[in-house]
Amino acid sequence: MGNRKPRKVFLDFVGCRLNQAEIEQMARQFAAGGDVITRDVEEADLFVVNTCLVTATAAKKSRHMIRQLGRANPGAKIVVTGCYAELSPDILARQPHVGLVLGNTAKDTLVKVVSGAENRLCCELEREILPPGTLGRTRAFVKVQDGCDHHCTFCVTTLARGPGQSRPMAEIIEEINLLVAGGYQEVVLTGVHLGSYGMDWAGQFRLDVLLRAILTNTDIPRLRLSSLEPWDLSPSFFDLWQDLRLCPHLHLPLQSGSDRILKRMGRRTTCADFAALVRSARERISDLALTTDVMVGFPGETETDFIESLRYVESIDFARLHVFPYSRREGTAAARMAGQVSEEIKAFRKSEMLALSKQMSAAFQCAHIGKTLEVLWESGHDAGLDGFRLSGLTGNYLRVVTTAPEMLSNTITPVEISEVQNGCLIGHPVIA
């Protein structure tokens, strides 16, 4: 590091879990070069923001985060990267306090560019893992794949991320073993098109092979998967969940419950195929939480299409929906389609779909009252005489809140669920 004084670096992201995994990797690289990772905005010397452009809302959030950081600490340098930085660097470069904009193509070398030759370790897999909670999260996110070879007509990610590229299996296993040694209880595998893992290697490997290798060669207590496209999976894929370390939670993006709209979107599934896949998953995975993405107001979506989508989503009985209105993205096929839906109609359809999501989510939560669930505690605070107020996640991705006599952050303990309050399960620790 020479004589350079260690910097205090604040890192954050907007958007997908892949962006989160990349931020965690950058944090380890900065730390390997002698810098200090901080969650205190006012003491930071350097900000790094990993941006998103998948929707207009994500782009707005990215700009807002940059402005907030700049106002809170105008003396710190802001480095911006991510999909927004890849496709609209000029817009971000004009934001106040932004000192450097690096797109996705330069992201892997960001720490080296910012640190210069003094950071000799920044491009290596660091042997020292940052303790759980360093970035405010106790779960670790591991990037196993980037890019996508499929072209959904609404998606700008392919333009921002490029073709699919899988990460070497041995490197992934090494990183997970380092995380286990560092005390992590859960790893989440992420990618732009996670289910396509290995397909860029002429079929030598697939995601199921990677999962078996991780389960065989690591002792990670919990392994969770981020979003999986439904057309990448076969019924036998779900047999992997015989190993209870795989979390019983699947996020399968549907986007629409109308076959006509799915075809316009360029999705490689039908409502019948999706429903059959869900049946296969539920037959093999006990107490499965199934979540999904639903888009409303896609170009050409009529009221009939929307009602059909609403009823189909209800029939699948998801545990939770991520609902968002279609956002016109330059360079995509959907941006050129006729039948663009008004913002007023999109807002109404979003509210209708969110109301259904709230109903299904509440039913799924209530079904767990009286059960004892294993919870990974993520955070907590001193609640005075009552002990500590804790918040954590079950394997099937339910938020649980409890009060305990001690801080249990980054531990997995059994909890008996007694009720549902404000969208969270309320539980009581089981005393052995």
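The values are calculated or read from the model by the stated rules, or taken from the named source; none is laboratory data. Treat the numbers as computed from the prediction; the structure is a model and nothing was measured. All Cβ positions, even for glycine, are placed from backbone atoms using ideal geometry, and neighbour counts span all protein chains on display. Ligands, DNA and RNA are excluded from the accessible area calculation, which covers all protein heavy atoms including side chains. Shrake-Rupley method; radii C 1.70, N 1.55, O 1.52, S 1.80 Å.
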- Residue that is closer than 27 Å to Pro221 by Cα, among the small types (Gly, Ala, Ser) and without any contact (Cβ under 8 Å) to a residue 24 or more places away in the chain, where the choices are Ala170, Ala181: Ala170
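If you go through region 42-84, how many residues are assigned to a helix (DSSP H, G or I) and open to solvent by 40 Å² or more (accessible area, probe 1.4 Å)? Please lay out each step first, then the result.
Step one: list which residues in region 42-84 are assigned to a helix (DSSP H, G or I), which gives 42-43, 56-72, 83-84.
If we keep only those that are open to solvent by 40 Å² or more (accessible area, probe 1.4 Å) too, we end up with 42-43, 56-57, 60-61, 63-64, 67-68, 71-72.
So the count comes out to 12.
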- Going through (1) surrounded by fewer than 21 Cβ atoms within 10 Å (Cβ to Cβ); (2) more than 23 Å from the chain's Cα centre (by Cα) one by one, Asp35 fails only at (1)
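May I ask you to list the residues in region 344-362 that are in contact (Cβ under 8 Å) with a residue 24 or more places away in the chain and open to solvent by 60 Å² or more (accessible area, probe 1.4 Å)? Lay out the reasoning, then the answer.
Quick first cut of region 344-362, residues in contact (Cβ under 8 Å) with a residue 24 or more places away in the chain only: 345-346, 349-350, 352-354, 356-357, 360-362.
The answer is Ile345, Lys350, Glu352, Leu354.
Take Thr292 and decide whether it is open to solvent by less than 10 Å² (accessible area, probe 1.4 Å), closer than 18 Å to Phe364 by Cα and of a type outside the set (A, V, I, L, M).
Values: open to solvent by less than 10 Å² (accessible area, probe 1.4 Å): yes; closer than 18 Å to Phe364 by Cα: yes; of a type outside the set (A, V, I, L, M): yes.
So Thr292 fits the description; yes.
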- Message: If Phe324 meets every condition in (1) more than 24 Å from Gly15 (Cβ to Cβ); (2) assigned to a strand (DSSP E or B); (3) hydrophobic (A, V, I, L, M, F, W, C) apart from one, which number is that one?
- Response: (1)
- Message: Against the definition (over 24 Å from the mean Cα position of the chain (by Cα), of a type outside the set (D, E, K, R) and surrounded by 19 or more Cβ atoms within 10 Å (Cβ to Cβ)), how does Ile417 come out, yes or no?
- Response: yes
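Rundown of residues vs (1) part of a helix (DSSP H, G or I); (2) at pLDDT 85 or above; (3) under 30 Å from Gly380 (Cβ atoms), yes/no style:
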{"position": "Gln95", "(1), (2), (3)": "no, yes, no"}
{"position": "Val113", "(1), (2), (3)": "yes, yes, no"}
{"position": "Gly136", "(1), (2), (3)": "no, no, yes"}
{"position": "Val142", "(1), (2), (3)": "no, yes, yes"}
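Tell me, which residue of region 301-320 that is touching a residue at least 40 places away in the same chain (Cβ under 8 Å), assigned to a helix (DSSP H, G or I) and among the hydrophobic types (A, V, I, L, M, F, W, C) is farthest from Gly339 (Cα to Cα)?
Taking region 301-320 as the starting set, the residues that turn out to be touching a residue at least 40 places away in the same chain (Cβ under 8 Å) are 301, 305-306, 308-320.
Okay, now just the ones that are also assigned to a helix (DSSP H, G or I), so 305-306, 308-316.
Of the ones still in play, those that are also among the hydrophobic types (A, V, I, L, M, F, W, C) are 306, 310, 313, 316.
Numbers: Phe306: 14, Leu310: 20, Val313: 23, Ile316: 28 Å.
Across region 301-320, the extreme among qualifying residues is Ile316.
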- touching a residue at least 40 places away in the same chain (Cβ under 8 Å), within 25 Å of Ala140 (Cα to Cα), β-branched (Val, Ile, Thr) and buried (at least 16 other Cβ atoms within 10 Å of the Cβ) - does that describe any residue in region 384-404? no
- Near pairs, Cβ below 8 angstrom, 6+ apart or cross-chain, from region 227-250 (closer than 21 Å to Tyr184 by Cβ) to any residue that is small (Gly, Ala, Ser) and not in a loop (DSSP other than H, G, I, E, B): Pro248/Ala289; His249/Ala289
